[in-house]
Amino acid sequence: MSQQLKKGVLEMCVLTLLSNKDSYGYEIFQEVNSILTISESTIYPILRRFVKSYYCETYVVVANEGKPPRKYFKLTNLGISRCTSIVEEYRKFNDKIDIMLNKYWKEEQYE
């Protein structure tokens, strides 16, 4: 998948993951990476931007002995609204692209 397409959907993917459950950065990276193949350093700037934009709040969970505490990210009401909005926008956009592809793309032309 092209980098431009990934960049276009990454915010939505992270918001969607957080809408399901609170998560820490590496866990979010693993989930997104299993589908989109990204670098770990891609996630953290997005999470910082979400906190700065009040889409997320953070809290720290103390781990078991010998493990460092983890910073968890939790969607705020504003983050839930943003997630809902971006998913609706994506679905409308995707429906329009599907119409275009179904109308004009003839795969057998290129076989």
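What is the gain in length, in nm to one decimal, between Glu27 and Thr76 on full extension, counting 0.36 nm per residue of separation less the C-alpha to C-alpha distance?
15.7 nm
Please report the equivalent ellipsoid semi-axes of the stretch 55-111, computed as sqrt(5 x eigenvalue) of the Cα gyration tensor, largest first, in whole Å.
Each semi-axis is √(5λ); the values are 44, 19, 4 Å.
For the residue pair Glu88 and Tyr54, what label-to-label distance in nm results when each label sits 7 Å from Cα along the Cα-to-beta-carbon direction?
Result: 2.0 nm between the two label points.
Determine which lysines satisfy two conditions relative to Lys6: a Cα distance under 27 Å, and not lying fewer than 8 residues away in the same chain.
Within the straight-line limit of under 27 Å, Lys6 reaches these lysines: Lys21, Lys52, Lys71, Lys74, Lys92, Lys96, Lys103, Lys106.
Taking the Cα centre as origin and putting +1 on Lys and Arg beta-carbons and -1 on Asp and Glu beta-carbons, what dipole magnitude results for the chain, to the nearest 20 debye?
460
Tell me which residues come under 5 Å, amide H to amide H, from Asp22 once H is placed; ignore anything under 5 positions away on its chain.
none
Tell me the label-point distance for the pair Asn102, Tyr44, using the 7 Å Cα-to-Cβ offset, in nm and rounded to one decimal.
4.4
Filter the GluC sites (Glu not before Pro) in the stretch 1-103 to those in DSSP coil with at most 12 other Cβ atoms within 10 Å of their Cβ, and list the result.
For GluC sites (Glu not before Pro) across the stretch 1-103 that sit outside H, G, I, E and B with at most 12 neighbouring Cβ atoms in 10 Å, the list reads Glu65.
Could you work out the percent of alpha carbon pairs in the chain separated by over 20 Å, rounded to a whole number?
That fraction is 50 percent.
Given the protein chains as shown and a 1.4 Å probe, how many square angstrom of Lys21 are accessible, to the nearest 10?
That residue has around 100 Å² of solvent-accessible surface.
The values are calculated or read from the model by the stated rules, or taken from the named source; none is laboratory data. Keep in mind it's a predicted model, so treat the numbers as computed, not measured. Here Cβ is always computed from backbone atoms with ideal geometry, including for glycine, and neighbour counts include all displayed protein chains. For accessibility, only protein heavy atoms count, side chains too; no ligands or nucleic acids. Shrake-Rupley method; radii C 1.70, N 1.55, O 1.52, S 1.80 Å.
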